[in-house]
Amino acid sequence: TFQTVGASILGNNLTVSGATAMEALTVGGTLLTTVAAVPVAQFVHPNDDATGAVLELINSRAGNPGQANDFCGGLTFKSKDSTSVATQYSKISTKISSPTNTNEAGYMLFDVTTAGTSGTTYLRLDGGLTKTIFSKSTRHNDFVTAFFGSSDDLGIYHNGTKSAIENYVGNLEIT
């Protein structure tokens, strides 16, 4: 049941206008769609300018200060497995690395279910460490070059029959 203040329902579409109307609809609960077609949620910015729509996921902590490793929000991707059990296949989540004012930092995790175990992190974008951390091997297909350096100074590739390391700037030192 929807409170339709500032909103209208036409067929399978819920139209909300104004920020306060959307806030009223999102306090607690779940927005569930059961349409037969592929459900799509759209947030459209109608103005003719360079900005776009923003979806904010906020952990308000009931007004209290954030703490390191607090979950800020995320997206989970689920489907039924071979026995019709709802299973999480992947997840993107964001957490606080440092909540310290003027030194705020966060990190984003990209998790994928592996061998029946959910929550296997493959990639971490860490603002506190200022690093991208790969937790699993990466694969570069044939004829795809992995470049290193701000100007693609070093390239490593495999073309299906041979591998090569190409150094385009300066000396290549192996120590």
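The values are calculated or read from the model by the stated rules, or taken from the named source; none is laboratory data. Note that the structure is predicted; figures quoted are calculated from it, not measured. When we count neighbours, we look across all protein chains shown, and the Cβ atoms used for this are built from the backbone with ideal geometry, even at glycine. Protein only, heavy atoms only, side chains kept; ligands, DNA and RNA dropped before computing areas. Shrake-Rupley method; radii C 1.70, N 1.55, O 1.52, S 1.80 Å.
Which of the three applies to segment 133-175, rounded, prolate or oblate, going by the alpha-carbon gyration tensor with a ≥ b ≥ c and a/c under 1.5 meaning rounded?
Note, shape of segment 133-175 comes out oblate.
What translational D, rounded to a whole number of µm²/s, comes out for segment 41-90 from Stokes-Einstein when the hydrodynamic radius is the Kirkwood one over Cα pairs, at 10 °C and 1.306 mPa s?
107
Apply the Karplus curve 6.51 cos²θ - 1.76 cosθ + 1.60, θ = phi - 60°, to the phi angles in segment 148-162 and return the couplings in whole Hz, x for Gly and Pro.
Whole-Hz 3J(HN,Hα) from phi for segment 148-162: 10, x, 4, 10, 6, 6, 9, x, 10, 8, 9, 9, x, 10, 8.
Working out 0.36 nm times the residue gap between T121 and L57, then minus their Cα-Cα distance, what length gain in nm do you get to one decimal? Mind showing how you got there, number by number?
On the way: separation 64, 0.36 × 64 = 23.04 nm, distance 2.07 nm.
Computed gain between T121 and L57 is 21.0 nm.
Using a 1.4 angstrom probe and counting only protein chains, how large is the accessible area of I92 in Å², to 10?
Here the accessible area works out near 50 Å².
Can you pull out the trypsin sites (Lys or Arg not before Pro) in segment 126-159 whose DSSP state is coil and whose Cβ has at most 12 other Cβ atoms within 10 Å?
Details: sites: K131, K136, R139; in loops: K136, R139.
When the trypsin sites (Lys or Arg not before Pro) of segment 126-159 are filtered for loop state and at most 12 Cβ neighbours within 10 Å, K136, R139 remain.
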